[in-house]
Structures are given as structure tokens and as C-alpha cells.
Amino acid sequence: MDDFDPFQQNFSIKKTNNETLVLGLAQVNALYQDFISTSANYGSQIGASFMLLLTIIVMMPPFKLIKVSLWLQITGLILNIVRMTLLAVHFTSNWSNIYCLLAADYSHISLADHYRSVATEAISLLLHMLVQVSLGIQAWALVNLLPGLWKWGFTGFSCFISAAAITLRVWCSIVNIKAFMSMSVAGSLWISQSSGIVGAVSITYYCALFNIKLLTHLVKNRGILPSRQGMSAMEVLIITNGLLMIIPGLCYRQFSSWAYLIETG
């Protein structure tokens, strides 16, 4: 008994078909730790989205409210708050029941749980589409200043990468919703992986595009930025987009499993 570790001991549970399932405390602890860290992530996104939305509403001059890109951003923030709230509520549903997860027994999943998952997936799809369209509009404002060949080349590739990301995300959402309602996920993983990969490539591309413009701007000014009064609106857009797009580019590198990459897609 000297080698006995109570923190690593196993226990058994009975399934509905009287089959005995042997589990370890480490599995249960890993689930709880994942729930806690993911809930903290969702909570921080809810708070950040709410504060950014409040900042835009309070500080944005009324004459700028006619911009389509601004309304896309406001709508995206609202959708993200709703989406993150639904994802956080997921941990209070039957989907997160320990027996349900460990025994893969979904017999007690209610219709409300199904509908909540479908609503979350639908809102995630709308948010993904809004992000791609918003990035495309901002990218056009930058590449529109380039010579004709470069301008239309970047425009064509931007449309292609955004269209591919949206198409795969729509396909992924259809498969996921069918899986929610039928309790079957067989054969759908590669679709989710493809959607996650293309989504990451899209974000990385726009990150590189904005930062290349920022780099050329710095080289043009010999590495020294002019004062705020000496900068045009387009120069401010270039700098802010270049700096802010570093954040999602780095965030995509932190994911260590497909589950997180797919979920954020």
C-alpha cells in the first residue's frame, strides 16, 4: 500500500445497459479544469466585447454612424456577447453532466439543450461571416491605394480566401447542427478541421496584409511615426489595423487541440 496514490485511483460506474465502465479521478479532474478554464475564457470575451461595444456607442461621433463597416463591427460585438453567453450556459446543461460525458450516454439531453446548441452554432456562423466581410472591407480601403495590378490581385485573393472560409464554415455548421439533432458526429471531423484551418489562414492573411502596410509606412517615415496631427485618416487606419491584427494572429497559435480551434472558428 506504500505505492498507493489516492489521487490516481480508479472507480467504476454502471451504464444503462449494465456494462461496467472503469474511470480514473484524473479524467474527472481534467474535465473540471477544462470547464473552469474555458468558462473563464468565455467570461473574459463577454466582458471585453461589452466594454468595446460601450466605448464605440459612447465615444463614436454621430456622423460616423452611417458607415457600413462600423455597423458590422457593432453587430459583431452584439453577436459575440450572445454567443459567448450561450457557450457559458452550455456548462449548466445536460451536455456537461459528468456521467453523460464519460459514458457517452446522451439519453437525458433535453430539447432545450439541443435548441441552445443549434442557436449557438447559428450565431457562430453569422459572427464568422461578419468578421470576414468586415476584414474584407477594411482590406479594400488599404489595397485601393495600390497600383492597378496589385490592387486587383490582393482584392481577388481577399475575396477568394474570405469566400472559402465562409463556405467551409457554412458546411461545417450544417454538419454540426445535424449532429446535434441526431447525436451523431461520425465523418464530420475533417470538415471541422478544414474550416478551422482555412479560418486560421484567413485571419493570418489579413494580419499579414495589414502589418505589411504598417511596415511599409514605417519604412517610408524612416521608422519614426509622425504626430497624430500630422497623420491622415488612412495612416491611422493602417497603423491601428496592423497593430490590432497581431492579437488574433497570436491567439490562433495558442490552441493545442482541434476542439478549441474549431470552436473559435
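A short reminder: the numbers here are calculations on the coordinates, not readings from a lab. Since we're looking at a predicted model, the values are computed, not measured. Positions of Cβ are generated from backbone atoms using ideal geometry, with glycine treated the same way; all protein chains shown enter the neighbour counts.
Excluding same-chain residues fewer than 8 positions from Lys220, which lysines have a Cα within less than 25 Å of its Cα?
Straight-line reach from Lys220, under 25 Å: Lys151.
Starting from the 7 Å offset along Cα-to-Cβ, what nm value, one decimal, do you get for the label separation of Leu102 and Phe11?
Using points 7 Å along Cα→Cβ, the separation is 0.6 nm.
Give me the one-decimal nm value for the distance between modelled label points at Leu52 and Ile197, 7 Å along each residue's Cα-to-Cβ direction.
Computed distance between label sites Leu52 and Ile197 equals 2.8 nm.
Report the calculated FRET efficiency for Ile78 and Leu25 (r = Cβ-Cβ distance, R0 = 30 Å), to the nearest 0.05.
Once rounded, the FRET efficiency stands at 0.15.
Length gain on complete extension for the stretch Thr92 to Leu215, per 0.36 nm per residue less the alpha carbon to alpha carbon distance?
Taking Thr92 through Leu215 to full extension adds about 39.6 nm, to one decimal.
Region 34-88 to region 134-190: how many Å between their Cα centroids?
Answer, in whole Å: 21.
Subtracting the Cα-Cα distance from 0.36 nm times the residue separation, let me have the gained length for Val118 to Ser182 in nm, one decimal. Show your work: numbers first, answer last.
Values: separation 64, 0.36 × 64 = 23.04 nm, distance 1.19 nm.
In short, 21.9 nm is gained.
Residue farthest toward the positive end of the dipole of region 20-174, with Cβ of Lys/Arg at +1 and Asp/Glu at -1: which of Leu52, Val68, Leu79?
Ranked along the dipole, the leading option is Val68.
Tally Lys and Arg at +1 and Asp and Glu at -1 over the other residues with C-beta under 11 Å from the C-beta of Leu21: what net charge comes out?
0
So what are the three principal axis dimensions of region 108-160 from its Cα atoms, in whole Å, longest to shortest?
Largest first, region 108-160 extends 61, 16, 8 Å along its Cα principal axes.
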